[in-house]
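The values are calculated or read from the model by the stated rules, or taken from the named source; none is laboratory data. Keep in mind that what you see is a predicted model, and the values were worked out from it rather than measured. As a convention, Cβ positions derive from the backbone with ideal geometry for all residues, glycine included, and neighbour counts pool all protein chains shown. These area figures cover heavy atoms from the full protein model, side chains too; ligands, DNA and RNA do not enter into them. Shrake-Rupley method; radii C 1.70, N 1.55, O 1.52, S 1.80 Å.
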Amino acid sequence: MESLTSTPQPTLSHELRALINQRNILTATSKAKVLNELDKQIEENKTKRQMYLRNRVVEEIFTSESSYLHQLEIIMKYFKEPLDSSDLLSPVAKKILFGNVESIYRVNGELVNELKTEGNNIAAAFMHLAPFFKLYSMYIYEYKNILSLLEEVSKSNPKLSMWIKNQESRPEVANSLSALLIVPVQRLPRYRLLLSRLLSLTPASHPHHSTLVEAVKEVEKATAHVDNLVVEQEVQERLLTLQQCLVGSKPSIVAPNKKLLKEGVLMTIGSHSKSQKGQRNYVILLSDSLLFCKFTSRERARFGPPVKPGSLRCCCILPIGKCSVQTVLSQGMFTLSCCNKSFTIYSDVKEEVICWVEDIEGAISQYQDNEKTLRTKRSGSRHSLLLNRKRKCLKENESTKEIPSPAKRVKVCDPNVQESEDKVSEILQETQHLHRREKTNFLRPIKALFQTFGESVRRYLYPGPASS
């Protein structure tokens, strides 16, 4: 197949245009006409060349997808299905060896059908199936275990190893099992490459251009998801290994909210250390803390990441939220402060110190941002709780109506009937009339008593006959 990225050779139109420009063999008017026609011809040739290359990419997508599906069929028909019906491998080993290749086979079978249905509009087919490409993450993550199992089988299970070789030598297979099992790992990057190349050869005026742009984004999104998931799983596995490396598996560093950001050997000098000589420490940077560890006797002579259980002893844990970094990059060192502790940290490689400073500062910044977000969420949840309580109270009291009164505000509760304005006025007038009558009945005997008392006092002071 002709290379799609080869540099186009100069055409006859290009050479003729250059010759006319170099030699004055035509009049100005004739020269302008000839050059104009040559420019049109060059542009047409360029467009034809671009369309030719685009059709070649479309053809390659069709042929490569059919070939890929055929390879998956070989894995299913000549290896997976026979082994599922035999006792050459344990059920756990069978699951590891083939992973979810059956699910991948179904997804790509549907993709081939979509490509045949859509024709040249292959972007629409990828738009429909791209979200399902996330299934590849499970297979890609287990691929290293697949290789380990194949290597182990070739050494410890001669019967199975011979059976695999016989299957590989069949004319229908004509390929090794290891070469077939790596094909799904290479497929997603191949999709991204082909679609990006197709997009570069598709003019903006093409009817499929906008759909192709979206298809490229969807495939890149699925590929990024798979890559990130694989990296996260590998980091979690490494964190489990480090947990086992710590003596007594203490402190506990495996938790859902903890992430391993960086690890490595650094030289440290404590602020309270009597010796000014740097000590070799294995430093582990987590998303919420920083661990300084010493190598045990079994690991002191070994260089590289520790892997043996009990090879590290934790000496100091610093909460990352209370740490601060001051760089002295000109001397290849930096100062780490936390609470009342201070450490001078350095390395023989200046670039490594720069990376450590950037990663620690990034971890501090990320931790502080997470704390702010957490406080905001807590405040928001508290506000939502109070708001819900207020709404509940309003809902319970929605049938209570307050009526103004001269003396006080009286609450009239009637959950079923709404009082009309006339009824409310009538009740209010009746209440006021009762208040006045009760007041008159209460004051009448008091008034009579005062009149009698006044008459007695007058008679006592003036014993004569009463004036008329």
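Ignoring any ligand, DNA or RNA, what whole percent of the accessible area of region 87-238 comes from carbon and sulfur when the probe is 1.4 angstrom? Walk me through the intermediate numbers first.
On the way: 4380 of 7870 Å².
Looking at region 87-238 in its full context, I get 56 percent from C and S.
Testing the spin-label approximation: label points 7 Å from Cα along Cα→Cβ at R170 and D227. State their distance in nm.
Those two pseudo-labels are separated by 3.7 nm.
Using alpha carbon coordinates only, what is the Rg to Rh ratio of region 183-303, with Rh defined as the Kirkwood radius? Let's see the in-between values first.
On the way: Rg = 23.4 Å, Rh = 18.7 Å.
Reported Rg/Rh (Cα atoms, Kirkwood Rh): 1.25.
Work out how much length K155 to Q366 would gain on full extension: take 0.36 nm times their residue separation and subtract the Cα-Cα distance, in nm to one decimal.
Working: separation 211, 0.36 × 211 = 75.96 nm, distance 4.78 nm.
Gain on extension, K155 to Q366, equals 71.2 nm.
Tell me, what is the FRET efficiency for D359 and A93 to the nearest 0.05, using R0 = 56 angstrom and their Cβ-Cβ distance as r? Show your work: numbers first, answer last.
Working: r = 39 Å, r/R0 = 0.70.
The pair D359/A93 has a calculated efficiency of 0.90.
When the Karplus curve 6.51 cos²θ - 1.76 cosθ + 1.60 is applied with θ = phi - 60°, which whole-Hz ³J(HN,Hα) does each residue of region 83-92 get, with x for Gly and Pro?
5, 5, 8, 10, 10, 6, 10, 6, x, 5
If I take R0 = 51 Å and measure r between the Cβ atoms of S252 and N120 in this structure, what FRET efficiency does the formula 1/(1 + (r/R0)^6) give, to the nearest 0.05?
On the way: r = 57 Å, r/R0 = 1.13.
With R0 = 51 Å, the Cβ-Cβ based efficiency is 0.35.
Taking 0.36 nm per residue of separation and subtracting the Cα-Cα distance, what length does fully extending K277 through F62 add? It would help to have the intermediate numbers written out before the result.
On the way: separation 215, 0.36 × 215 = 77.40 nm, distance 6.55 nm.
The K277-F62 span can extend by a further 70.8 nm.
How large is ³J(HN,Hα) for each residue in region 136-153, as worked out from phi by the Karplus curve 6.51 cos²θ - 1.76 cosθ + 1.60 (θ = phi - 60°), to whole Hz, x for Gly and Pro?
Along region 136-153, the couplings run 5, 4, 5, 5, 5, 5, 7, 4, 5, 5, 5, 5, 4, 5, 4, 5, 5, 4 Hz.
Mind listing which GluC sites (Glu not before Pro) in region 182-233 are in a DSSP loop and have 10 or fewer other Cβ atoms within 10 Å? Can you show the working numbers first?
Working: sites: E214, E218, E220, E232; in loops: none.
When the GluC sites (Glu not before Pro) of region 182-233 are filtered for loop state and at most 10 Cβ neighbours within 10 Å, nothing remains.
Return the distance in nm (one decimal) between the two label points of a simple spin-label model at Y143 and S342, each offset 7 Å from Cα along Cα→Cβ.
5.0 nm
Which FRET efficiency value, to the nearest 0.05, do you get for M162 and R238 by plugging their Cβ-Cβ distance into 1/(1 + (r/R0)^6) with R0 = 30 Å? Intermediate values should be presented prior to the final figure.
Values: r = 37 Å, r/R0 = 1.22.
For R0 = 30 Å, the calculated efficiency reads 0.25.
Tell me which GluC sites (Glu not before Pro) from region 140-197 have a DSSP coil assignment and no more than 16 other beta carbons within 10 Å of their own. Spell out each step's value before the answer.
Numbers: sites: E142, E151, E152, E168, E172; in loops: E172.
When the GluC sites (Glu not before Pro) of region 140-197 are filtered for loop state and at most 16 Cβ neighbours within 10 Å, E172 remain.
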